[in-house]
Structure formats: structure tokens, C-alpha cells
Amino acid sequence: MVYEKGAFYKNYLTGFSNVKFTIVDVFGQGDKIVKHWNFKGKHIGDFFGIPAIRAKM
């Protein structure tokens with residue numbers, strides 16, 4: 001399933017509170033790029049269809 005990038009990231013912002021994104025590494029070759037990132041937050045709402053569990057992740 002392909003998401004429009006804005007809708008994809010919106011899931012993180014609506015599904016979690018106190019979200020903190022950290023970019024670990026970015027690299028590319030030719031017309032390709034890879035992002036290694038992680039995030040932390042409290043699961044307070046729907047996240048790609050997964051109901052909230054109210055836990056910090």
C-alpha cells in the first residue's frame with residue numbers, strides 16, 4: 001500500500017502524543033535515498049488502524 005507522504009506522517013502525529021523523531025542516518029546513490037529514523041511517543045490514538053494502547057513507545 002502506498003501512502004501520500006503527508007497522510008503517512010499524519011498517522012504518527014494523530015496516533016501519538018509528545019512525538020519525537022530522530023534521524024539516525026541518511027544516505028543515497030543515484031536517484032535513491034534511504035532514511036534511518038526512529039520515533040518515541042505515547043500511543044493515544046488510531047495508528048494505521050491499530051487502536052490506542054496508552055503506552056509510551
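The residue that is modelled with the highest pLDDT, counting only those in the range 1-40 that are open to solvent by 70 Å² or more (accessible area, probe 1.4 Å) and in a helix (DSSP H, G or I), is T14.
Tally the residues that are under 25 Å from I53 (Cβ atoms) and among the small types (G, A, S), restricting the search to the range 9-43. Total satisfying the criteria: 3. Would you confirm, using the coordinates I've provided, whether V19 is more than 14 Å from the chain's Cα centre (by Cα) and free of Cβ contacts under 8 Å to residues at least 40 places away in the same chain? Considered against the rule, which asks whether it is more than 14 Å from the chain's Cα centre (by Cα) and free of Cβ contacts under 8 Å to residues at least 40 places away in the same chain, V19 comes out as no.
The values are calculated or read from the model by the stated rules, or taken from the named source; none is laboratory data. Fair warning: this is a prediction, and the values are worked out from it, not measured in the lab. Don't worry about glycine lacking a Cβ; one is built from the backbone with ideal geometry, like all the others, and counts go over all protein chains shown. Ligands, DNA and RNA are excluded from the accessible area calculation, which covers all protein heavy atoms including side chains. Shrake-Rupley method; radii C 1.70, N 1.55, O 1.52, S 1.80 Å.
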